[in-house]
Amino acid sequence: MSKISVIGAGNVGATAVYYIAEKNLGDIVMIDVVQGLPQSKGLDFLHAAPLREYRVHIYGTNGYDEIRGSDAVVLTAGIARKPGMDRMDLLRTNAGIAREAAKAVKEYAPDAVIVVVTNPLDVIAMAVLRETGFDPSRVLGMAGVLDATRYCTFIAETLDVWPGDVSAMVLGGHGDTMVPLKRFASVGGIPLGELLDEKTTERLIERTRSGGAEIVGYLKTGSAFYAPAASVAAMVEAIVKDRKTLLPAAAFLRGEYGFSGIFLGVPVILGKGGVERILELELTGDEREALARSARAVRQGIRELDSL
Amino acid sequence: MKRVAVIGSGNVGANAAFFIAEKGFADVTLTDILEGVSKGKALDIMEGAPIRAYRSRVRGADSQREIEGCDVVVLAAGAVRKPATKREDLFEQNSGTVKEASAIVARYAPGCSVVVVTEPVDLNTALFISESGMPRKRVLGVGGILGSTRLRYAVARDLGLSVENVQALVFGRHGEEMLAPARFTSVSGIPVLRLMNEERFQSLVREVKDAGDFIVEMAKRSSAYYAPSAAIAELADALCRDTRRVLSVSTLLAGEYGIEGAAMSIPAVVGERGILKFLLPALNRDENELLERSAEELKSLLSRRGV
């Protein structure tokens, strides 16, 4: 049985645990610094196990040593940016949390693949990579799967078809700096361009870019967690089941797409070794430019990280 | 709970019932003209229910009248291919079975949707519609969906990637003349030709065209039934739960791609009321001509049986 640790028992972390348990992907440890929080959620899940037929164990704890031997570690811990909060404050707090978690992963789960969800994820992934000293293939960030699933949802809604029949690839950063590839979306194998006009596609891309903000707009004091957690579970499944799944993820680049030394959203093949391959697609001039903008934003983030 | 009636409890029909029970979206009534066969197989499936936690009830009936009131009928009765025979050779043998079934469906379950799998599927789909008088959008043949799932598997295996990321679309006549242009196959949205060359892709299409024959040769006493049954279950799921899946189904064409009077597979959105709409991606001239040639031959085979 695989072992999966989820660090951070907030909405994203706890909902990821839910999806992972529903799919029986492996035994789960939930970690949080708040006393009693992971314990209570872990117990609550276990109480549902007979009804939901879980074949995995779920355990909540405050102790990092419990992640021992994990195959995959999901890092969701951190604070969310609140109105008026300086982005450096956010980075300072979350980078601190991430480093502490990374130290624990290095000590107790040195063979794990780490999926970073904590924002700003391309920068936090870098902090985690440095702290663990892991091979870069074993550290990656979750963003593209979320953007792609939102994009697919909007396409399916517009065409009134089953969302599972829509697939799409995206590149670059999360949200605003996402680079959707219009040529790389299809419905049951049919290229999207055959089914939707340019204007409609643009509108759906715009909605995808602001997908997170749309949810925040409704919730006021919270942000999305169901779709983010589902995206995490999809990545965890690819890792622990060694699925060799082709999906977009923030991966550490060493020359791919012309960039080095940063995490950037690219198509990767995900398996038990983490990022097993980065797929290089030929891009148009516009796409290359948009990707370069994403990369500049990430480099700026890293400079901020270095200046802390 | 919706109910699916399966006419013909051989390997294809019984495994369709099995997959439906595993998915749990409908109850199943299995029927067969051989007394006891459907009851025996239904009982066997249900005896696994406590372990597999089925929500579906599967029962067997010796009379085809038991299809009364069902939501979906699966027509899986008839002879299957033997080594070194052609799909079309079965038409003479199976058309009688299809005619009988169409009369029974028209009488006892006129409002249902029908999934035709009895070979040759494109001919029997057209025959069923003509005999039963049912609307064409309620009668769907398992053709392209089977080719598509086989192609998805072949591409995923060849690239060493997970199968669920691969989308593929197969059109046209089921068998040798199926149409599988590479631009309708993609992996996580990425066109397949960015991941393999055309020659490689065509060799996988060849494999799919040969898949039915290959399995008949290997299995000796049966034809393929796992993948066909999975395709039936997927169609039945779309029809019962209105999933609106994009699936390539054999349908009686009425002007789509300029063709009329023959059934072949084209991509459609499938929901509770059958085919909700056709998706008609553009084909080039060669592709369209292939469809037209297939249609002419199918029409002449149909007219020989008075359809």
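Quick notes
- Among (1) within 14 Å of chain A (Cβ to nearest Cβ); (2) surrounded by fewer than 22 Cβ atoms within 10 Å (Cβ to Cβ); (3) of a type outside the set (A, V, I, L, M); (4) under 30 Å from A:Asp147 (Cα atoms) - the single one B:Ser248 does not satisfy: (2)
- For B:Met178, the conditions (1) surrounded by 22 or more Cβ atoms within 10 Å (Cβ to Cβ); (2) away from chain A (no Cβ under 14 Å) all hold with the exception of (2).
- Considering residues of the stretch B:37-67 that are within 14 Å of another protein chain (Cβ to nearest Cβ) and under 15 Å from B:Arg3 (Cβ atoms) only, the residue surrounded by the most Cβ atoms within 10 Å (Cβ to Cβ): B:Tyr54
Per-residue answers, yes or no, for (1) modelled with pLDDT under 95; (2) surrounded by 15 or more Cβ atoms within 10 Å (Cβ to Cβ); (3) within 14 Å of chain B (Cβ to nearest Cβ); (4) in a helix (DSSP H, G or I):
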position	(1), (2), (3), (4)
A:Ile239	no, yes, yes, yes
A:Leu246	no, yes, yes, no
A:Ala250	no, yes, no, no
A:Val268	no, yes, yes, no
A:Glu276	no, yes, yes, no
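- A Cβ distance below 8 Å, combined with a sequence gap of six or more or placement on separate chains, defines the contacts here; from the stretch A:166-181, residues that are at the interface with chain B (Cβ under 9 Å from one of its Cβ atoms) reach residues that are crowded, with 24+ Cβ neighbours inside 10 Å and among the acidic types (Asp, Glu) in the pairs A:Val170/A:Asp147.
- Residue check for B:Lys99: under 25 Å from B:Ser250 (Cα atoms), touching a residue at least 60 places away in the same chain (Cβ under 8 Å) and not assigned by TED's automatic domain parsing to the domain that holds B:Ser223: no
- Within the stretch A:280-296, the set of residues being surrounded by fewer than 18 Cβ atoms within 10 Å (Cβ to Cβ) and not basic (Lys, Arg) comprises A:Glu280, A:Leu281, A:Glu282, A:Leu283, A:Thr284, A:Gly285, A:Asp286, A:Glu289, A:Ala292.
Every residue, every condition in (1) at pLDDT below 95; (2) more than 19 Å from the chain's Cα centre (by Cα), yes or no:
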position: B:Ala84; (1), (2): yes, yes
position: B:Asp89; (1), (2): yes, no
position: B:Leu140; (1), (2): no, no
position: B:Leu146; (1), (2): no, no
position: B:Leu161; (1), (2): no, yes
position: B:Asn165; (1), (2): yes, yes
position: B:Ala168; (1), (2): no, no
position: B:Arg173; (1), (2): no, no
position: B:Glu176; (1), (2): yes, no
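- Taking (1) among the aliphatic types (A, V, I, L, M); (2) buried (at least 18 other Cβ atoms within 10 Å of the Cβ); (3) not in a strand (DSSP E or B) in turn, B:Leu34 satisfies each apart from (2).
- Some residue of the stretch B:144-156 being away from chain A (no Cβ under 14 Å), closer than 27 Å to B:Ala5 by Cβ, assigned to a loop (DSSP other than H, G, I, E, B) and not hydroxyl-bearing (Ser, Thr, Tyr): no
- When residues of the stretch A:146-165 are limited to those that are among the β-branched types (Val, Ile, Thr) and surrounded by 24 or more Cβ atoms within 10 Å (Cβ to Cβ), the one nearest to the other protein chains (Cβ to nearest Cβ): A:Val161
- Search result, residues across the stretch A:45-93 that are on the phi < 0 side of the Ramachandran plot, surrounded by 13 or more Cβ atoms within 10 Å (Cβ to Cβ) and assigned to a loop (DSSP other than H, G, I, E, B): A:Tyr54, A:Val56, A:His57, A:Asn62, A:Arg68, A:Ser70, A:Asp71, A:Thr76, A:Ala77, A:Ile79, A:Ala80, A:Arg81
- Qualifying residue in the stretch B:83-94 (condition: surrounded by fewer than 17 Cβ atoms within 10 Å (Cβ to Cβ) and touching an Asp or Glu at 6+ places or on another chain (Cβ under 6 Å)): yes
- Taking the listed residues A:Ala21, A:Ala16, A:Ala48, the one that is touching a residue at least 40 places away in the same chain (Cβ under 8 Å) and small (Gly, Ala, Ser) is A:Ala16, with no other qualifying.
- Residue selected from the stretch A:125-145 under the condition more than 14 Å from every other protein chain (Cβ to nearest Cβ) and among the β-branched types (Val, Ile, Thr), by the criterion surrounded by the fewest Cβ atoms within 10 Å (Cβ to Cβ): A:Thr132
- Condition met for A:Ala156 (in contact (Cβ under 8 Å) with a residue 60 or more places away in the chain and part of a helix (DSSP H, G or I)): no
- Condition met for A:Arg68 (in contact with an Asp or Glu (Cβ under 8 Å, 6 or more places away or on another chain) and in the same structural domain as A:Val12 (by TED's automatic domain parsing)): no
- Among the residues of the stretch A:204-220, those identified as more than 18 Å from A:Thr15 (Cα to Cα) and either in contact with a strand residue (DSSP E or B) (Cβ under 8 Å, 6 or more places away or on another chain) or more than 14 Å from chain B (Cβ to nearest Cβ) (or both) are A:Ile205, A:Glu206, A:Arg207, A:Thr208, A:Arg209, A:Ser210, A:Gly211, A:Ala213, A:Glu214, A:Gly217, A:Tyr218, A:Lys220.
- The number of residues in the stretch B:181-207 that are of a type in the set (S, T, N, Q) and either more than 7 Å from chain A (Cβ to nearest Cβ) or part of a loop (DSSP other than H, G, I, E, B) (or both) comes to 4.
- Qualifying residues in the stretch B:220-232 (those that are farther than 14 Å from B:Gly147 by Cβ and surrounded by fewer than 24 Cβ atoms within 10 Å (Cβ to Cβ)) - the one nearest to the other protein chains (Cβ to nearest Cβ): B:Tyr226
- Against the numbered list (1) assigned to a loop (DSSP other than H, G, I, E, B); (2) touching a strand residue (DSSP E or B) at 6+ places or on another chain (Cβ under 9 Å), A:Ala21 comes up short only at (1).
- If you filter the stretch A:184-203 down to residues that are assigned to a helix (DSSP H, G or I) and either modelled with pLDDT under 95 or surrounded by fewer than 22 Cβ atoms within 10 Å (Cβ to Cβ) (or both), you find that the one that is nearest to the other protein chains (Cβ to nearest Cβ) is A:Glu194.
- Counting the residues of the stretch B:1-16 that are surrounded by 24 or more Cβ atoms within 10 Å (Cβ to Cβ) and not in a loop (DSSP other than H, G, I, E, B) gives 8.
- Count of residues meeting criterion [within 14 Å of another protein chain (Cβ to nearest Cβ) and not in a helix (DSSP H, G or I)] in the stretch A:278-308: 7
The values are calculated or read from the model by the stated rules, or taken from the named source; none is laboratory data. Predicted model only: the values in this text are computed from it and were never measured. With ideal geometry, Cβ positions are generated from the backbone for all residues, glycine too; neighbour counts draw on all protein chains shown.
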